[in-house]
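Report on the following structure.
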Amino acid sequence: MEKKKLVLIGNGMAGIRTIEEILKLLPEEFEITVFGKEPYPNYNRIQLSKVLQGDTEIKDITLNEWDWYEENNIRLYPGETVTKIDKDIQTVYTDKGKETPYDYLIIATGSNPFMLPLPGADKEGVTAFRDIEDCEKMIHASKNYKRAAVIGGGLLGLEAARGLLNLGMEVDVIHIADYLMERQLDRSAGKLLQEELEAQGMNFLLEKQTAEILGKKRVTGLRFNDGGKIPADLVVMAVGIKPNVQLAKDTGLEINRGIVVNDHMETNVPNIYAVGECAEHNGMVYGLVAPLYEQGQALAKHICGMNHQGYKGSVLSTQLKVSGVNVFSTGLINETDQTKSIKVFDEWRNTYKKILVEDDKLAGAVLFGDTKEGTKLLSLIKKGANVEEYLESSQSQDDNESIVVSMGDEEVICGCNGVTKGTIVNAIKTQNLTSVEEVKGCTNASRSCGTCKSLVADLLTHTLGDEYEADEKETVCACTDLSRDEVIAEIKEKHLTHSREVMNVLGWKTEEGCSKCKPALNYYLGMVYPKEHEDERESRFVNERLHANIQKDGTYSVVPRMYGGVTNAEDLRTIADVAEKYDVGMIKLTGGQRIDLLGIKKEDLPSVWKDLGMPSGYAYGKTLRTVKTCVGAEFCRFGTQDSTGMGIKLEKKFEGLNTPHKVKMGVSACPRNCAEGGIKDVGVIGLDGVWEVYVGGNGGTDLRKADLLAKVKTEDEVLEYTAAFLQYYRENARYLERTSHFVERVGLELIQEVVFNDELRQELCKRMDDALSVYKEPWNEVLESETTLRDLYEKVHAK
Ligand SMILES: Cc1cc2nc3c(=O)[nH]c(=O)nc-3n(C[C@H](O)[C@H](O)[C@H](O)COP(=O)(O)OP(=O)(O)OC[C@H]3O[C@@H](n4cnc5c(N)ncnc54)[C@H](O)[C@@H]3O)c2cc1C
Ligand SMILES: NC(=O)c1ccc[n+]([C@@H]2O[C@H](COP(=O)([O-])OP(=O)(O)OC[C@H]3O[C@@H](n4cnc5c(N)ncnc54)[C@H](O)[C@@H]3O)[C@@H](O)[C@H]2O)c1
Ligand code: SF4
Ligand code: FES
């Protein structure tokens with residue numbers, strides 16, 4: 001039977017959660033296509049605040065890796081915007097000229113940040129805070145500028161302000177109301193919050209309306225309606241959001257504030273649905289994930305033809321994600337003529353609690369300082385509990401006992417994902433879960449804002465007693481309880497040589513493993529048994545499988561190797577011919593001193609490699625990428641050594657080496673360091689008669705200056721110390737750990753102790769030689785294999 005075509009517009013949190021729910025119900029029913037304007041897989045937007053605050057990194061907030069789409073046969077078009085929907089012939093059109101027909105269409109286009117239409121709002125340095133790009137913009141600005149102004153003292157503005165403080169900026173928050181978070185808190189809690197944040201270093205300008213953003217090209221300050229001014233080099237607008245409905249409006253769907261939907265998330269046009277922040281249900285547009293996920297669940301059931309009452313609206317709750325501040329609210333926040341309130345203000349502990357009661361039922365709550373009861377109150381309000389029920393349960397609560405003990409099985413622990421205590425306890429018992437990570441993998445609890453993690457941990461303690469070790473070890477992934485070191489020890493002891501064998505023998509909880517453990521096991525096995533282990537290509541990330549980097553428009557980039565950044569006329573001519581023959585979109589010089597051919601079609605890759613006749617530059621792999629060199633003694637008047645020759649030797653020696661993460665090198669011939677070795681994984685600097693070898697540098701968002709590992713005299717010694725360091729890194733780092741994190745975690749002193757020990761160094765170098773001895777040039781290998789050509793590149797033979 002032909003599969004039904006399901007198209008999703010918007011690769012964000014609500015849309016992809018809906019697809020996950022559909023896959024759970026009917027995994028084989030639909031041919032799924034997803035269009036996402038942003039060039040990333042689905043990520044946790046909520047965690048952008050944590051990224052800005054320095055608690056996590058962008059690479060760690062992905063919710064569904066590229067491989068997840070592949071594994072579920074979802075055709076994803078990242079970086080592609082749907083520009084038109086023809087509802088009569090049920091087809092969507094994109095800005096890249098694609099036409100895709102659908103049987104079912106889900107619109108999940110989210111919101112746009114509201115940008116105040118102020119004079120000067122288009123100046124450099126004015127930004128919203130909505131996506132990865134905005135987050136990166138702010139991190140970048142904080143490195144060059146000092147003063148930030150955040151307009152809007154709501155959840156987003158305060159989380160942004162905390163992040164900017166952490167990044168070392170001075171921060172003014174400009175707020176229109178007379179107390180903070182007036183949409184989520186009452187005046188008392190808002191004022192307590194202000195005091196707390198002032199103590200943390202934030203400065204507030206309340207009851208202020210911005211009239212103009214000052215500056216020439218870049219912002220220099222703000223002017224207010226009352227004539228006052230403040231200086232600012234960065235302005236963040238966080239004054240609310242607007243549902244993104246333009247596409248739906250152009251299609252003729254019924255729009256009010258959002259796209260109007262019924263309980264089954266159906267719009268007024270057959271087979272078109274809306275979910276998430278762009279949808280309006282019963283006059284409500286939601287801006288928090290919990291209700292959006294509930295909508296996604298209802299829509300999945302409807303599309304899969306399951307009997308379901310549909311979506312009935314949500315009770316909201318909010319928590320601010322700023323460390324050191326506990327504030328929570330749910331339901332009603334301000335008194336009305338019909339409400340009575342229970343208020344406790346503990347001046348000693350600086351905590352505040354207000355509970356609103358309407359017709360004897362709990363109707364809302366505001367908590368400051370101590371928010372332990374938040375989850376319980378939300379649950380009680382959701383089920384329409386009577387105030388007496390709450391008071392009784394509070395009295396029987398022991399102060400030292402976790403709130404989870406007195407909660408009923410039907411009460412919700414994770415508000416974002418709607419996961420109840422009963423579901424978690426059941427999963428812990430039936431699936432033998434022992435860590436918060438495992439509970440997250442199994443039930444989704446704590447997968448979004450993360451504020452429920454401590455409750456999940458309490459439930460683990462409560463359910464497992466002594467068996468639960470709160471100080472969790474870092475397991476390879478949720479498929480196993482074993483850490484990286486334990487897995488490697490078992491691989492060696494039991495002589496395991498294939499991932500399947502590892503999973504079987506070590507009792508993996510999933511049959512196939514996941515996108516986290518599969519590439520990691522493949523790496524560990526190759527590292528332990530370089531000659532015996534056969535690379536498991538299917539476990540590698542898509543770019544490594546295809547030996548090219550996928551671009552946001554679905555084409556690939558090809559970077560031939562150029563040892564030490566040196567080329568010649570003949571190679572340049574060949575590259576130019578190839579670029580013309582395959583109509584290459586862009587020829588770009590990379591930061592690593594080589595040439596990137598962008599915009600190559602997947603089926604053309606083998607022919608391009610054949611015509612180039614050059615080795616792969618491995619610009620896509622967890623391996624040595626580039627060795628950047630300066631011109632050195634031969635041409636530069638400051639040069640003391642042959643840095644180019646040294647770079648070429650390094651690149652030729654370590655080319656194709658499998659490493660836990662990518663490795664970049666730089667070689668310069670004097671301390672001016674033109675090849676930037678100070679921010680490379682391995683940096684080499686030539687001085688008169690001496691080479692300095694630096695390690696653990698990083699030039700990305702996580703900037704780190706490399707540490708001096710050794711001073712040596714000869715080129716051979718540079719190769720030897722580099723080999724010893726890299727082999728030590730290969731053997732001891734976690735998969736996907738960059739050298740910068742590795743050096744910090746392990747400590748330079750220990751690394752020096754090992755590589756300066758003659759015996760240990762020789763052993764490391766010997767094992768490095770074994771690892772290097774199995775290298776095969778990957779592009780040639782593909783060209784020589786009919787099966788790989790057919791399977792991976794759709795039976796395209798070299799032209
Ligand atoms: C910094 C920050 C912190 C937050 N913290 C919390 C929190 O703690 N708790 C909480 O509950 N909520 C929080 N939120 C809100 C939460 O992230 C959103 O409610 C949620 O992401 C909305 O999901 P969505 O799928 O509706 O929209 P989005 O996640 O915005 O996804 C929509 C996607 O559709 C894409 N798109 C739009 N138009 C098109 C088109 N025509 N073609 C193709 N693609 C298109 C967009 O680029 C976007 O990627 C936070 C938001 C931010 C910005
Ligand atoms: N922890 C969380 O749950 C969290 C965190 C961040 C964002 N979010 C969500 O992201 C969305 C956007 O957040 P937000 O804080 O921008 O929206 P918001 O509507 O909650 O707050 C905006 C604030 O800006 C103020 N404001 C409006 N116009 C102003 C002006 N001209 N000058 C100064 N202040 C002005 C408002 O008084 C309001 O308090 C919301 O849906 C929010 O729920 C949630
Ligand atoms: S690093 Fe020194 S030797 Fe090399 S190019 Fe720069 S100035 Fe010249
Ligand atoms: S409450 Fe947000 S992840 Fe659980």
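Computed FRET efficiency, Cβ-Cβ of Lys312 and Thr339, R0 25 Å: what is it to the nearest 0.05?
Numbers: r = 23 Å, r/R0 = 0.93.
Using R0 = 25 Å, I get an efficiency of 0.60.
Please give me the summed charge of the neighbours of Gly554: other residues whose Cβ is under 11 Å from its Cβ, Lys and Arg +1, Asp and Glu -1. Spell out each step's value before the answer.
Numbers: positive: Arg75, Lys96, Lys98, Lys552, Lys601, Lys602; negative: Glu80, Asp553.
After counting each charged neighbour, the total is +4.
Counting only protein heavy atoms and using a 1.4 Å probe, the accessible area of Tyr273 comes to about 10 Å².
Highest mean first, how do 129-139, 217-227, 318-328, 433-443 rank when packing is the count of other Cβ atoms within 10 Å averaged over residues?
Values: 129-139: 18.0, 217-227: 14.8, 318-328: 20.2, 433-443: 21.9.
Highest-to-lowest ranking by the protection proxy: 433-443, 318-328, 129-139, 217-227.
Which one, Phe345, Gly689, Asn732, projects farthest toward the positive side of the charge dipole computed for the chain from Cβ point charges (K/R +1, D/E -1)? The one lying farthest along the dipole's positive direction is Gly689. Using the Cβ of Arg761 as centre and a radius below 12 Å, the other residues enclosed give a net charge of -4, where K and R count +1 and D and E count -1.
Extending 7 Å from Cα along the Cβ direction at Glu347 and again at Ser454 yields two label points whose distance is 2.6 nm. Between Met115 and Glu490, the simple label model (points 7 Å from Cα in the Cβ direction) yields a spacing of 5.2 nm. If the segment from Lys191 to Asp769 were pulled out straight at 0.36 nm per residue, it would be longer than the present Cα-Cα gap by 201.6 nm.
From helices alone, the chain scores -9500 deg cm²/dmol at 222 nm; the rule is -39500 (n - 2.57) for each run of n ≥ 4 DSSP H residues, then divide by the residue total. The figure for Leu76 is an accessible area of roughly 30 square angstrom, using a 1.4 Å probe on the protein chains alone.
Hey, could you get me the Stokes-Einstein D for the range 475-540, Kirkwood radius over alpha-carbon pairs, 10 °C and 1.306 mPa s, rounded to whole µm² s⁻¹?
Values: Rh = 11.5 Å.
Translational diffusion coefficient: 138 µm²/s.
Its Cα centre serving as origin, the range 111-173 has a Cβ charge dipole (Lys and Arg +1, Asp and Glu -1) of approximately 180 debye.
Kirkwood's formula applied to the C-alpha pairs of the range 527-614 gives a hydrodynamic radius of 14.3 angstrom. Measuring with a 1.4 angstrom probe and ignoring ligands and nucleic acids, Asp553 comes out at about 70 Å² accessible. Figure note: Trp348, Trp609 ranked by solvent-accessible area, largest first, 1.4 Å probe, ligands and nucleic acids not counted: Trp348, Trp609. A Förster radius of 22 Å, combined with the Cβ-Cβ distance separating Glu71 from Asp103, puts the computed FRET efficiency at roughly 0.45.
List the pair-distance distribution P(r) of the range 210-330, using every Cα-Cα distance, as the percent of pairs falling in each 5 Å bin from 0 up to the bin containing the longest distance, rounded to whole percents. The distribution over the range 210-330 is 2, 10, 15, 14, 12, 10, 11, 11, 7, 5, 2, 1, 0, given as percents.
Given axes a ≥ b ≥ c from the Cα gyration tensor, I'd like to know whether the range 738-791 is rounded (a/c under 1.5), prolate (a/b larger than b/c) or oblate.
Working: a/c = 6.38, a/b = 2.23, b/c = 2.86.
Oblate.
Applying a 4.7 Å Cβ-Cβ cutoff to the chain, the cysteines left without a disulfide-compatible partner are Cys135, Cys278, Cys304, Cys416, Cys442, Cys449, Cys479, Cys514, Cys636, Cys670, Cys765. Counting 0.36 nm for each residue step from Asp577 to Leu25 and taking away their Cα separation leaves a gain of 193.6 nm. Which of the lysines could be linked to Lys340 by a straight reach, that is with a Cα gap under 20 Å, when you skip same-chain ones fewer than 8 residues away? In chain and number order, the partners are Lys353, Lys354, Lys361, Lys376, Lys382, Lys383. Amide hydrogen proximity for Lys84: with H placed 1.01 Å from N in the peptide plane, the residues at 5 or more positions away or on another chain lying under 5 Å are Tyr93. In terms of overall dimensions, the chain has a Cα radius of gyration and Dmax of 28.9, 88 angstrom. Extending 7 Å from Cα along the Cβ direction at Lys229 and again at Arg672 yields two label points whose distance is 4.2 nm.
If Lys and Arg each add +1 and Asp and Glu each add -1, what is the summed charge of the other residues whose beta carbon sits under 12 Å from the beta carbon of Glu388? Walk me through the numbers on the way to the answer.
Working: positive: Lys361; negative: Asp360, Glu389, Glu392.
Its environment carries a net charge of -2.
Stokes-Einstein diffusion for the range 113-242, with the hydrodynamic radius set to the Kirkwood value over Cα pairs and evaluated at 37 °C in a medium of 0.692 mPa s, equals 227 µm²/s.
Here the range 673-799 is assigned +1 on the Cβ of each Lys and Arg and -1 on the Cβ of each Asp and Glu. Its dipole about the Cα centre then comes out at about 420 debye.
Within a straight-line Cα-Cα reach of under 21 Å, Lys552 can be paired with the following lysines, leaving aside sequence neighbours fewer than 8 residues apart in one chain: Lys37, Lys59, Lys84, Lys96, Lys98, Lys137, Lys588, Lys601, Lys602, Lys622, Lys662. Ranking Glu198, Glu634, Glu277 from most to least accessible surface, computed with a 1.4 Å probe over the protein chains only, gives Glu634, Glu198, Glu277. Apply 1/(1 + (r/R0)^6) to the Cβ-Cβ distance of Glu474 and Arg257, taking R0 = 45 Å, and write down the FRET efficiency to the nearest 0.05. Computed FRET efficiency for Glu474 and Arg257: 0.50. Put a plus charge on the Cβ of each Lys and Arg, a minus charge on the Cβ of each Asp and Glu, and nothing anywhere else: the dipole of the chain about its Cα centre is then about 2160 debye. In the chain, what percentage of the DSSP-assigned beta bridges are antiparallel, given to the nearest 5? Antiparallel bridges: around 65 percent, rounded to the nearest 5. Whole-Hz Karplus values for the range 667-679 come out as 10, 10, 10, 6, x, 5, 6, 4, 8, 6, x, x, 10 Hz, taken residue by residue from phi with 6.51 cos²θ - 1.76 cosθ + 1.60 and θ = phi - 60°; glycine and proline positions read x.
Length gain on complete extension for the stretch Thr567 to Lys143, per 0.36 nm per residue less the alpha carbon to alpha carbon distance? Write down the numbers at each step before the final one.
Values: separation 424, 0.36 × 424 = 152.64 nm, distance 3.52 nm.
Between Thr567 and Lys143, full extension yields 149.1 nm more.
The values are calculated or read from the model by the stated rules, or taken from the named source; none is laboratory data. Owing to the predicted nature of the structure, the values given are computational and were not obtained by experimental measurement. Here the Cβ is made from the backbone with ideal geometry for all residues, glycine too, and neighbour counts use every protein chain on show. For the accessible areas, the whole protein counts, side chains as well, though only heavy atoms, and no ligand, DNA or RNA atoms are used. Shrake-Rupley method; radii C 1.70, N 1.55, O 1.52, S 1.80 Å.
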